[in-house]
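Visitor: I have a structure I would like to understand better, so I am pasting it below and will then ask my questions one at a time.
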Amino acid sequence: MASVHESLYFNPMLTNGVVHANVFGVRDWVTPHKMALLVLLSELGRAGAQLGLLERRRLNRLLLPLLQGPDMALSRLRKAIEECCPHLAGSVHIRLKLMAEGELKDMEQFFDDLSDSFSGTEPEVHKTSVVGLFLRHMILAYNKLSFSQVYKLYTALQQYFQKDEKKNGADESEMELTNPEELDGKMEKEELDGPLREEEIACSGPLSQKQAEYFLSQQASLLKNDETKALAPASLQKELNNLLKFNPDFAEAHYLSYLNSLRVQDVFSSTHSLLHYFDRLILTGAESKSNGDEGYGRSLRYAALNLAALHCRFGHYQQAELALQEAIRIAQESNDHVCLQHCLSWLYILEQKIFDSCVLLEHSVNKSLHFGLPYLASLGIQSLVQQRAFAGKAANKLMDALKDSDLLHWKHSLSELIDISIAQKTAIWRLYGRSTMALQQAQTLLSMNSLEAVNVGVQQNNTESFAVVLCHLAELHAEQGYFAAASEILKHLKERFPPNSQHAQLWMLFDQKIQFERAMNDGRYHVADSLVAGITALNSIEGVYRKAIVLKAQNQMSEAHKLLQKLLVHCQKIKNTEMVISVLLSIAELYWRSSCHTIALPVLLQALALAREYSLQYLASETVLNLAFSQLILGIPEQALNILHMAIEPVLAHGAVLDKGCAMFLVAKCQVASAASYTPQKKIEALESAILNLNEAKTYFAKVDCKEQLRDVLYFQARLFHTLGKTQERNKCAMLFRQLHQELPAHGVPLINAFK
């Protein structure tokens with residue numbers, strides 16, 4: 001189940017994905033790239049009504065990122081304009097060529113003519129518009145230049161244009177040596193790497209204040225909404241270092257560096273950047289200007305709170321507790337109730353690592369509602385629901401609590417918490433064994449549109465909740481035998497959450513588990529054993545459990561029993577009830593295989609008691625099936641059939657295909673064993689009914705390619721057909737059995753001594 005406290009980090013830089021950078025002291029200046037933009041705006045004004053509506057709309061959409069973004073090569077700029085309006089791109093190129101190959105007075109005249117855009121009763125550009133402000137800034141910056149600076153600007157413009165001409169000449173010569181097919185492939189690749197892909201625009205040299213703000217705003221928004229579109233961690237860090245080289249006191253750049261370091265789990269760099277952020281925030285006086293005398297204290301207490309959150313994220317709980325105590329002390333001195341509520345939430349997380357107590361959490365929820373903090377209150381409710389789900393509370397009560405939190409989400413438009421709530425419901429239904437309800441909740445989240453405004457082309461709902469739901473969806477498809485669909489979902493997860501992203505471990509674990517189950521079903525135990533190491537690296541408990549399953553399948557009973565006993569003690573200590581029940585069922589199976597049938601009964605009864613106590617309906621049904629199998633072994637098949645009716649309905653409704661097949665196979669075994677005392681006519685009916693159930697079981701096993709179980713079913717069917725005198729059907733089953741028997745190794749275990 002996903003952690004619901006990942007969003008508790010205090011993020012002063014992000015407000016709906018916008019960075020507030022107020023301390024970058026570099027003014028705007030004229031560059032060759034900005035002169036090219038001025039030429040574009042001038043030609044756009046000249047074109048007027050000649051431009052079509054669609055072309056003008058495309059150009060308007062292009063202008064904003066060009067005006068705000070960093071400088072780019074002329075070839076990239078021209079290609080962007082050509083995609084919107086080809087003939088305008090030609091006009092811009094000719095105008096730049098005349099200016100670059102002309103004289104200095106041509107550039108002077110160009111800037112003098114720019115002022116005419118604001119003249120007249122109906123000017124081409126309004127002074128307060130985005131384009132108008134850009135033109136005024138450039139005109140003002142140009143007028144402030146000295147003569148030597150103007151000459152340097154003109155020389156830079158010539159070099160800017162000549163570099164583009166040389167590149168075009170090299171491209172033309174390369175085109176002559178390239179065949180058309182290779183040229184088409186190259187052009188397609190260039191289109192994929194076009195200038196409109198914002199994550200490829202990198203800073204070079206010092207940026208103006210607006211360019212720096214835009215760059216940080218863009219990258220922070222992408223990290224929040226679609227990490228795959230942001231710059232790679234190494235590239236982003238390089239650009240941030242470039243920014244900080246020209247202005248080391250740029251606090252927001254330090255904070256983005258902190259977020260970037262968290263992506264790669266770099267504890268040293270993230271701590272370093274976080275401390276520098278708050279140091280710079282205090283030194284520049286940004287906090288004191290906006291918050292009066294409390295500014296410095298506010299920065300200090302939130303610095304301590306963020307440091308505690310950072311240590312908690314990396315598992316340094318002792319250091320986190322010390323930092324949290326410092327934050328609480330400063331917040332109490334300043335009477336900052338908002339900071340204290342954040343501290344209380346993190347205090348609950350730290351206390352949860354030691355003992356289960358919901359007192360702090362309930363107090364935090366009440367206080368958050370009292371001080372009007374719906375975000376924190378909702379997170380507290382989500383955590384309470386998660387804790388009570390593990391404690392075995394009824395599902396209807398938990399859903400009522402989540403419904404109350406959903407009212408808060410929709411009332412305050414908390415999009416991220418809406419996603420978390422739906423993912424929480426999906427995980428709860430999975431925990432309780434209701435796969436149909438889990439599937440419904442997963443589809444609900446996938447079909448929702450985010451309430452947050454994001455840029456065009458940025459994926460929505462690209463969060464941990466989305467990753468959790470997709471992982472559950474992949475596992476649900478794999479359990480039903482739709483391995484191709486599960487592979488497609490996992491492929492989508494790998495594209496959306498690359499291996500270096502912070503949520504990649506989720507799909508990595510599910511991918512390994514699905515591969516493990518397929519290998520076990522196919523009887524390839526050596527492949528399953530090789531996957532155990534990867535599962536253990538991601539989740540040690542799951543890894544140890546699956547190692548025991550492999551040992552059990554390989555008939556290494558004593559080693560499997562030792563491993564399961566150690567795992568049982570550990571899971572009981574950490575109160576992982578779901579795994580405790582699974583381990584108890586595996587231990588009972590070991591006792592069956594060792595012919596200790598009576599010893600298995602108390603173990604199964606213990607598992608059943610736990611499953612019912614914690615409302616784990618599916619595990620309870622699976623335990624009842626195991627009890628029915630024990631009764632079959634002990635010679636009371638009639639009683640086994642009676643209790644099977646209690647458990648088989650939830651399994652058929654919500655169970656995995658493999659479990660459905662095992663349940664139907666067990667029903668057939670019990671029917672055959674019960675038929676021994678029937679009259680001849682009734683016995684024939686019972687055996688024919690058993691054959692029908694075996695056919696259903698065979699369909700289920702074939703769907704998940706479980707060859708060992710298929711072999712057992714075919715053997716059983718052949719024996720039944722022989723008893724009924726159906727020679728042709730018997731021979732067909734015998735032939736199929738022989739083919740599988742030659743393909744699979746024999747373990748020397750009697751057929752009756754294996755439930756699954």
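The values are calculated or read from the model by the stated rules, or taken from the named source; none is laboratory data. Treat the numbers as computed from the prediction; the structure is a model and nothing was measured. Cβ: placed from backbone, ideal geometry, glycine included. Neighbour counts: every protein chain shown. To get the accessible areas, we keep the full protein, side chains included, count just its heavy atoms, and leave off ligands, DNA and RNA. Shrake-Rupley method; radii C 1.70, N 1.55, O 1.52, S 1.80 Å.
Visitor: Of these, Gly392, Gly372, Gly380, which one is assigned to a loop (DSSP other than H, G, I, E, B) and closer than 24 Å to Val469 by Cβ?
Guide: When all the criteria are applied, what remains is Gly392.
Visitor: Let me ask another. Are any residues in the stretch 160-179 modelled with pLDDT under 55 and open to solvent by less than 50 Å² (accessible area, probe 1.4 Å), and if so, which ones?
Guide: Across the stretch 160-179, the qualifying residue is only Thr178.
Visitor: Let me ask something else about it. Which of the residues belonging to the stretch 593-620 are of a type in the set (Gly, Ala, Ser) and crowded, with 18+ Cβ neighbours inside 10 Å?
Guide: Within the stretch 593-620, Ala600, Ala607, Ala611, Ser615, Ala620 meet the criteria.
Visitor: Quick check on Met646: is it open to solvent by 30 Å² or more (accessible area, probe 1.4 Å), over 29 Å from the mean Cα position of the chain (by Cα) and farther than 29 Å from Gly523 by Cβ?
Guide: Values: open to solvent by 30 Å² or more (accessible area, probe 1.4 Å): yes; over 29 Å from the mean Cα position of the chain (by Cα): yes; farther than 29 Å from Gly523 by Cβ: yes.
For Met646, the condition - open to solvent by 30 Å² or more (accessible area, probe 1.4 Å), over 29 Å from the mean Cα position of the chain (by Cα) and farther than 29 Å from Gly523 by Cβ - is met.
Visitor: Could you please tell me which pairs satisfy a Cβ distance under 6 Å, a separation of 6+ or placement on different chains, a first residue in the stretch 65-91 that is hydrophobic (A, V, I, L, M, F, W, C), and a second residue that is assigned to a loop (DSSP other than H, G, I, E, B)?
Guide: Within 6 Å, the pairs are Ala80/Pro195.
Visitor: Which of the residues that make up the stretch 319-349 are out of contact with any Lys or Arg (no Cβ under 9 Å at 6 or more places or on another chain) and open to solvent by 20 Å² or more (accessible area, probe 1.4 Å)?
Guide: Gln319, Glu321, Leu322, Gln325, Gln332, Asn335, Val338, His342, Leu347
Visitor: While we're here: Looking at the stretch 463-498, which of the residues that are farther than 30 Å from Lys698 by Cβ and of a type in the set (S, T, N, Q) is least open to solvent (accessible area, probe 1.4 Å)? Step through it out loud before you land on a result.
Guide: Residues of the stretch 463-498 farther than 30 Å from Lys698 by Cβ: 463-471, 491-498.
Now restrict to residues that are of a type in the set (S, T, N, Q): 463, 465.
Details: Thr463: 32, Ser465: 10 Å².
Among those residues, the one meeting the criterion is Ser465.
Visitor: Looking at this structure, is Ala21 among the hydrophobic types (A, V, I, L, M, F, W, C), modelled with pLDDT under 50 and open to solvent by less than 20 Å² (accessible area, probe 1.4 Å)? Give the derivation first.
Guide: On the way: among the hydrophobic types (A, V, I, L, M, F, W, C): yes; modelled with pLDDT under 50: yes; open to solvent by less than 20 Å² (accessible area, probe 1.4 Å): yes.
Yes.
Visitor: For Leu590, which of the numbered conditions (1) under 14 Å from Ser630 (Cα atoms); (2) open to solvent by 40 Å² or more (accessible area, probe 1.4 Å); (3) not basic (Lys, Arg) fails to hold?
Guide: If we test Leu590 against (1) under 14 Å from Ser630 (Cα atoms); (2) open to solvent by 40 Å² or more (accessible area, probe 1.4 Å); (3) not basic (Lys, Arg), just (2) comes out false.
Visitor: Can I ask one more? Which of the residues that make up the stretch 394-423 are in contact (Cβ under 8 Å) with a residue 60 or more places away in the chain and under 17 Å from Ser615 (Cα atoms)?
Guide: Of everything in the stretch 394-423, those that are in contact (Cβ under 8 Å) with a residue 60 or more places away in the chain and under 17 Å from Ser615 (Cα atoms) turn out to be Ala394, Ala395.
Visitor: Now a separate question. Among the residues of the stretch 554-570, is there at least one that is open to solvent by less than 70 Å² (accessible area, probe 1.4 Å), of a type in the set (Val, Ile, Thr) and within 33 Å of the chain's Cα centre (by Cα)?
Guide: no
Visitor: Can you tell me which residues in the stretch 649-668 are open to solvent by 10 Å² or more (accessible area, probe 1.4 Å) and of a type outside the set (A, V, I, L, M)? Even if it seems obvious, please write down each step before you answer.
Guide: If we filter the stretch 649-668 for residues that are open to solvent by 10 Å² or more (accessible area, probe 1.4 Å), which is where we start, we get 649-650, 652-654, 656, 658-660, 664, 667.
Within the stretch 649-668, Glu649, Pro650, His654, Asp659, Lys660 qualify.
Visitor: Assess whether Ile349 counts as being modelled with pLDDT of 85 or more and in a helix (DSSP H, G or I).
Guide: So Ile349 does not fit the description; no.
Visitor: What are the pairs, 6+ residues apart or on separate chains, where a residue within the stretch 211-229 that is β-branched (Val, Ile, Thr) has its Cβ under 7 Å from a residue that is surrounded by fewer than 21 Cβ atoms within 10 Å (Cβ to Cβ) and not in a helix (DSSP H, G or I)?
Guide: Pairs found: Thr228/Pro498.
Visitor: Right, another one. Which condition does Ser368 not pass, out of (1) hydroxyl-bearing (Ser, Thr, Tyr); (2) farther than 24 Å from Ser299 by Cα; (3) in contact with a Phe, Trp or Tyr (Cβ under 9 Å, 6 or more places away or on another chain), if it passes all the others?
Guide: Of (1) hydroxyl-bearing (Ser, Thr, Tyr); (2) farther than 24 Å from Ser299 by Cα; (3) in contact with a Phe, Trp or Tyr (Cβ under 9 Å, 6 or more places away or on another chain), only one is false for Ser368: (2).
Visitor: Turning to a different aspect of this structure: From the list Leu74, Leu66, pick out the single residue that is within 23 Å of Ser129 (Cβ to Cβ) and modelled with pLDDT of 80 or more.
Guide: Leu66
Visitor: Does Val704 satisfy being at pLDDT 90 or above, buried (at least 16 other Cβ atoms within 10 Å of the Cβ) and of a type in the set (Val, Ile, Thr)?
Guide: No: the conditions fail for Val704.
Visitor: Tally time: how many residues in the stretch 243-286 are over 30 Å from the mean Cα position of the chain (by Cα) and either more than 20 Å from Arg298 (Cβ to Cβ) or not in a helix (DSSP H, G or I) (or both)?
Guide: Of the residues in that region, 8 qualify.
Visitor: A follow-up question, please. Taking Met579 as the residue in question, decide whether it is under 27 Å from the mean Cα position of the chain (by Cα) and within 27 Å of Leu493 (Cα to Cα).
Guide: When the stated conditions are applied, Met579 passes them.
Visitor: Oh, and also: Considering each of Gly292, Gly205 in turn, give the residue that is of a type in the set (Gly, Ala, Ser), at pLDDT below 85 and out of contact with any helix residue (DSSP H, G or I) (no Cβ under 9 Å at 6 or more places or on another chain).
Guide: After ruling out the rest, the residue left standing is Gly292.
Visitor: Let me ask something else about it. Looking at (1) touching a residue at least 40 places away in the same chain (Cβ under 8 Å); (2) under 25 Å from the mean Cα position of the chain (by Cα); (3) not in a helix (DSSP H, G or I), can you tell me which one Leu506 breaks?
Guide: (3)
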